[in-house]
Amino acid sequence: MATLTVSTDIENEIQDVIGNGLDEYNVGKAGPYNTEDLWIVARDDVGAVEAGLKAKSEYSWLFVDWLWVDPGRRGTGLGTELLGKAEEIARERGCLGVYLETATFQAPGFYKRLGYQEVGRIEDFPPGHAMVWLKKVL
């Protein structure tokens, strides 16, 4: 019988054993991840950051992890421009599509207006809201 330990922190070497084991299994079944990060940053005329997008391509899909626009620039099309640039780069990388998650208090309507379709949802995450997963096939 295995001995189970519970903690909120773990040694790097144990993280490596678990992560490498999972990676080895996944690559054996689905091939290389071919992970490539992507950052797109929008700056004003003096170089101040107004918006940004963080994503990564993996297994022929681009995952948008962050999309933030300064409140003073929201509604100006800057978020649409960032996401459009990310989709363009995803196509250049040979991605099949783009996917992301957003809370109902964030921007699911924004993404749906840009052609994203809801593919999953968890209610009360966080309580009183929902977490929504969306995708767009390119």
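Scanning segment 89-120 for residues that are in a strand (DSSP E or B) and either over 16 Å from the mean Cα position of the chain (by Cα) or closer than 19 Å to Trp61 by Cβ (or both) returns Gly97, Val98, Tyr99, Leu100, Glu101, Thr102, Gln117, Glu118, Val119, Gly120. Consider segment 1-55 and keep the residues that are under 30 Å from Gly84 (Cα atoms) and aromatic (Phe, Trp, Tyr). The one that is surrounded by the fewest Cβ atoms within 10 Å (Cβ to Cβ) is Trp39. Ala90 meets each of the listed conditions (1) within 24 Å of Val132 (Cα to Cα); (2) without any contact (Cβ under 8 Å) to a residue 24 or more places away in the chain apart from (2). In segment 63-78, is there at least one residue being part of a helix (DSSP H, G or I), surrounded by fewer than 14 Cβ atoms within 10 Å (Cβ to Cβ) and among the polar types (S, T, N, Q)? No.
Read-outs throughout are calculated quantities, based only on the coordinates presented, and are distinct from any laboratory measurement. Treat the numbers as computed from the prediction; the structure is a model and nothing was measured. For neighbour counting, all protein chains shown are included, and Cβ atoms are generated from backbone atoms with ideal geometry for every residue, glycine included.
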